[in-house]
1. Counting residues that are among the hydrophobic types (A, V, I, L, M, F, W, C) and closer than 17 Å to residue 14 by Cβ, which strands (runs of 3 or more DSSP E) fully inside region 55-120 reach at least 1?
2. Just to verify a result, which residue in region 126-140, among those that are touching a strand residue (DSSP E or B) at 6+ places or on another chain (Cβ under 7 Å) and surrounded by 23 or more Cβ atoms within 10 Å (Cβ to Cβ), is farthest from residue 162 (Cα to Cα)?
3. Check 40, 98, 55, 60 and return the single one that is closer than 15 Å to residue 138 by Cβ, modelled with pLDDT of 95 or more, under 19 Å from the mean Cα position of the chain (by Cα) and β-branched (Val, Ile, Thr).
4. From the residues in region 144-170 that are aliphatic (A, V, I, L, M) and in a loop (DSSP other than H, G, I, E, B), which one is farthest from residue 118 (Cα to Cα)?
5. Considering each residue of region 146-170, count those that are in contact (Cβ under 8 Å) with a residue 60 or more places away in the chain and closer than 25 Å to residue 28 by Cα, and give that number.
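The values are calculated or read from the model by the stated rules, or taken from the named source; none is laboratory data. Remember, it's a predicted structure, so these values are computed and weren't measured experimentally. No Cβ is skipped: glycine too gets one built from the backbone with ideal geometry, and neighbour counts run over all protein chains shown.
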Amino acid sequence: MHIEYIKPFPADRLLSGLRRIRLMGYDGAQPYAEASLELVPGLDTSVLTPAQNYVLMSGVEKVLELRAALLARDVDIFALDGGLYVSTSDHPHEPIPVIPPVVEESREPDGRTVLLINDGMHRIYAARSLGLHISVVVVRGVPAKYPYYAYALDGGWSCVTRLAELPDGYQKKAYRRPDNYRALFRDFNAVFPGVQKQRKQSNPSHIIA
């Protein structure tokens, strides 16, 4: 992978952009509008809790490939102090946003309060695979009526399965609203187009988007 173009943007622009994130349902409510957003450097991945049942190893490898290419330009995507627009030889002339992962303080049904991984599962897993800490945006104070759209994994990282590809009928997460899980989905692409990857639809038929 060759880096063609890098354009950084500061933390205040990153956080103000994230504050405008809307839900796919609930009339496009903004769950972060009144929340606390903080860019936290060097967080240990062990304090972060996944909701996603899997990682695609191709996705992890792509993160590591991008990191290696950017390290040659003195940029570490595990230690961002804002965001970047990056164009690579894989997608020439199409700058994509690279931002720190986003995690939310979430109260779970069993009474736990966790830092739940919202966006950036593969980046966090990639850092974890190297034993590295990572900068993340921590969101606190999300209204209780707009929780993250899936529950934390009971067993944390031990429950995450490494996959080569998504099998048909594979349930990605334990959704809070299986009848319409996307209603609570945070649409990051509306503010930072391209930051959320579109993955194969594999959920069982009783899970309704």
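1. Numbers: elements: 82-88, 96-98, 102-107, 113-119.
Result: 82-88, 96-98, 102-107.
2. Residue satisfying both the conditions and the ranking: 139.
3. On the way: 98 fails: closer than 15 Å to residue 138 by Cβ; 55 fails: closer than 15 Å to residue 138 by Cβ; 60 fails: closer than 15 Å to residue 138 by Cβ.
It is 40.
4. 164
5. Taking region 146-170 and keeping what is in contact (Cβ under 8 Å) with a residue 60 or more places away in the chain, we get 146, 148, 150-153, 156-157, 159-166, 170.
Going one step further and asking which of them are closer than 25 Å to residue 28 by Cα, we end up with 146, 148, 150-152.
Qualifying residue count, region 146-170: 5.
Residue-wise test of (1) without any contact (Cβ under 8 Å) to a residue 40 or more places away in the chain; (2) buried (at least 18 other Cβ atoms within 10 Å of the Cβ); (3) touching a Gly at 6+ places or on another chain (Cβ under 7 Å).
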{"position": "2", "(1), (2), (3)": "no, no, no"}
{"position": "11", "(1), (2), (3)": "no, no, yes"}
{"position": "18", "(1), (2), (3)": "no, yes, no"}
{"position": "25", "(1), (2), (3)": "no, no, no"}
{"position": "49", "(1), (2), (3)": "no, yes, yes"}
{"position": "57", "(1), (2), (3)": "no, no, no"}
